[in-house]
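Visitor: One structure, as structure tokens, below. Some questions next.
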Amino acid sequence: MFTKTLLRTANPAFKARLGLRCYAQLPLRVPVQIPNGIEYEQPTGLFINNKFVRAKQGKTFEVISPATEETITHVYEAREDDVEDAITAADEAFKSGVWSQADPLVRANALNKLAGYIEEHKDIVASIETLDNGKAINSARGDVQLVINYLRSCAGWCDKVDGRVINTGNTHFSYTVKQPLGVCGQIIPWNFPLLMWAWKIGPALATGNTVVLKTAESTPLSALYVSQFVPKSGIPPGVVNIVSGFGKIVGEALTNHPKIKKVAFTGSTATGRHIYQNAGQNLKKVTLELGGKSPNIVFADADIKQAVQNVILGIYYNSGEVCCAGSRVYVEESAHEEFLHEIKAAAEALKVGDPFDESTFQGAQTSQMQLSKILKYVEIGKEEGATLVTGGERVGTKGYFISPTVFGDVKEDMRIVKEEIFGPVVTVSKFKSVDELIELANDSEYGLAAGIHTTNINKAIEVANRVNAGTVWVNTFNDFHHSVPFGGFNASGIGREMGSEALENYTQTKAVRVKLALEGGA
């Protein structure tokens, strides 16, 4: 809680920025000024039943700018009793049928309006993402556009969630109906805060469910900001509920609660396993989008300079904090030296720094913890005997910045090759044949994505068919589209985001079989 002691000790500029001069507790909205000059009102409360409310215990936690290490604001911290309120609101809304039984056109119109409000405020929303997450502003703008596109795509699916008529002869009329599950618990990560918010609530709402969504504790601001558009869009109270808080409290409450019928989680594989075990106690439907250690493959016949740019995008985009990042690069032996020379030059040419600078490609890592983890892996790589080709150092003394890093001379059993670093660190290896390449690429517990760079389409298709990955990009990387499903094999998860496949995660099939009274018979 914001106590009188905190108010006495906080510096005047900070108190003024939060509007706390006369408050014994945090207001439900505080003024925030973004470094690019944008000023806006940031919601700080929990979003329950279409209203921002204070946490019952009055607890708050601070949100820090990764670029400056300064406090942006505080937001209210949900505890178990707040989660209970949110689930109750979602359960009552679902049972009332106000959303689950509404005409699909009603849901479609609401989702389209929600996308429209975000589009109207896209400059503010993108700036909030950059402020809160540390990503480059151009990356944040791309995220927001994907959010808008995906919500509109989900709106288009609302009247297409159909069952089927089954031919079982003339004695019975048999058909299936797709029905929503109920209250869905959703837990999103900090690397793409708003995009993951859209990937979760979009298909859930399109299919008639209600949701309680937990934001990542380090990046709650954008989800809270866009939540104010939910009631304006015509989405009834209780359908969308957003709770900021910590995994050990809010996450546990969501995954264990008997009224939660579905859990969707994006994050680490270790946490995903824990959630899967928890959800299994009550036989909940679960989708998990987890970690990755994706191979990015470059054949000698590729346009090497273009392939290098694709690899750069594959590993340094979003500061390397991408679950499907192409962090293992395999280059055909005859092109290896040329590629290594080109990627070193390209990595060193990237601008790292102020995420609000339009020319910045790589912004800050999202937290001190993540920065420290990445730097630790750099040391591990050097200790294991890999060659540090470039990078591996903290940039500046303020903010969580690290230079784009390339390791060469790696062995496949090295930790930097096997383990997910989740940062701007890539390893470069060589291969001689397609068979050797497939063995190397598939030698991982993960299977989220892969990249293939070649001018030979037959070779591209062969490798795409043989590599164990949920998404394979050819002559591109990190190239998402709202109609293309995304998800992983093996330890990279269960289920798919986006596309028609995402709707399956949020529906159940009911079969109806009617015995017919035939003319002349019983």
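Visitor: Do we find that VAL98 is modelled with pLDDT of 95 or more, more than 30 Å from LEU371 (Cα to Cα) and assigned to a helix (DSSP H, G or I) in this structure?
Guide: no
Visitor: Of the residues that make up the range 349-360, is at least one modelled with pLDDT of 95 or more, among the polar types (S, T, N, Q) and either assigned to a helix (DSSP H, G or I) or closer than 17 Å to ALA325 by Cβ (or both)?
Guide: Applying the first criterion (modelled with pLDDT of 95 or more) to the range 349-360 yields 349-360.
Within this subset, residues satisfying the condition of being among the polar types (S, T, N, Q) are 359-360.
After this cut, where a residue has to be either assigned to a helix (DSSP H, G or I) or closer than 17 Å to ALA325 by Cβ (or both) as well, the list is none.
No, because not a single residue in the range 349-360 is modelled with pLDDT of 95 or more, among the polar types (S, T, N, Q) and either assigned to a helix (DSSP H, G or I) or closer than 17 Å to ALA325 by Cβ (or both).
Visitor: Taking the residues in the range 381-391 that are touching a residue at least 12 places away in the same chain (Cβ under 8 Å) and over 25 Å from THR130 (Cβ atoms) as candidates, determine which candidate is farthest from the chain's Cα centre (by Cα).
Guide: GLY385
Visitor: Separate question: Of the conditions (1) under 23 Å from THR207 (Cα atoms); (2) crowded, with 19+ Cβ neighbours inside 10 Å, ILE137 clears all except one; give me its number.
Guide: Of everything listed in (1) under 23 Å from THR207 (Cα atoms); (2) crowded, with 19+ Cβ neighbours inside 10 Å, ILE137 misses just condition (1).
Visitor: Is it the case that the range 469-489 has a residue that's surrounded by 13 or more Cβ atoms within 10 Å (Cβ to Cβ) and part of a helix (DSSP H, G or I)?
Guide: No, there is no match, as no residue in the range 469-489 is surrounded by 13 or more Cβ atoms within 10 Å (Cβ to Cβ) and part of a helix (DSSP H, G or I).
Visitor: PRO237 fails exactly one of the following numbered conditions: (1) assigned to a loop (DSSP other than H, G, I, E, B); (2) under 20 Å from the mean Cα position of the chain (by Cα). What is the number of that condition?
Guide: It fails just one condition, (2).
Visitor: Is it true that THR207 is over 26 Å from ILE137 (Cα atoms), of a type in the set (Ser, Thr, Tyr), at pLDDT 95 or above and in contact with a strand residue (DSSP E or B) (Cβ under 6 Å, 6 or more places away or on another chain)?
Guide: yes
Visitor: Within the range 421-455, can you find the residues that are without any contact (Cβ under 8 Å) to a residue 12 or more places away in the chain and within 22 Å of PHE489 (Cβ to Cβ)? Full working, then the answer.
Guide: Of the residues in the range 421-455, the ones without any contact (Cβ under 8 Å) to a residue 12 or more places away in the chain are 433, 435-436, 439.
Passing the criteria: ASP435, GLU436, GLU439.
Visitor: Kindly indicate which of GLU217, GLU289 is acidic (Asp, Glu) and crowded, with 24+ Cβ neighbours inside 10 Å. Quick ask: steps written out before the conclusion?
Guide: On the way: GLU217 fails: crowded, with 24+ Cβ neighbours inside 10 Å.
The conditions single out GLU289.
Visitor: To continue, here is another question. Select, from ALA89, ALA102, the only residue that is of a type in the set (A, V, I, L, M), out of contact with any Cys (no Cβ under 7 Å at 6 or more places or on another chain) and surrounded by fewer than 19 Cβ atoms within 10 Å (Cβ to Cβ).
Guide: None of the others qualify; the one that does is ALA102.
Visitor: For ILE438, all conditions in the list (1) in a strand (DSSP E or B); (2) in contact with a Lys or Arg (Cβ under 6 Å, 6 or more places away or on another chain); (3) of a type in the set (A, V, I, L, M) hold save one; what is the number of the exception?
Guide: It is condition (1) that ILE438 fails.
Visitor: Let me ask you something else. Quick check, is VAL463 touching a strand residue (DSSP E or B) at 6+ places or on another chain (Cβ under 6 Å) and either of a type in the set (Phe, Trp, Tyr) or in a strand (DSSP E or B) (or both)?
Guide: Against the criterion (touching a strand residue (DSSP E or B) at 6+ places or on another chain (Cβ under 6 Å) and either of a type in the set (Phe, Trp, Tyr) or in a strand (DSSP E or B) (or both)), VAL463 does not qualify.
Visitor: For PHE431, which of the numbered conditions (1) surrounded by 22 or more Cβ atoms within 10 Å (Cβ to Cβ); (2) closer than 27 Å to ALA345 by Cα fails to hold?
Guide: Single failed check for PHE431: (1).
Visitor: I'd like to know if the range 280-300 contains one or more residues that are on the phi > 0 side of the Ramachandran plot and either assigned to a strand (DSSP E or B) or free of Cβ contacts under 8 Å to residues at least 40 places away in the same chain (or both).
Guide: Checking the range 280-300: at least one residue is on the phi > 0 side of the Ramachandran plot and either assigned to a strand (DSSP E or B) or free of Cβ contacts under 8 Å to residues at least 40 places away in the same chain (or both).
Visitor: If you go through the range 461-471 one residue at a time, do you hit one that is in contact with an Asp or Glu (Cβ under 8 Å, 6 or more places away or on another chain), in contact (Cβ under 8 Å) with a residue 60 or more places away in the chain and of a type outside the set (Lys, Arg)?
Guide: Among the residues of the range 461-471, not one is in contact with an Asp or Glu (Cβ under 8 Å, 6 or more places away or on another chain), in contact (Cβ under 8 Å) with a residue 60 or more places away in the chain and of a type outside the set (Lys, Arg), which makes the answer no.
The values are calculated or read from the model by the stated rules, or taken from the named source; none is laboratory data. Not measured: the values here are computed from a predicted model. All Cβ positions, glycine included, derive from the backbone under ideal geometry; neighbour counts span all protein chains shown.
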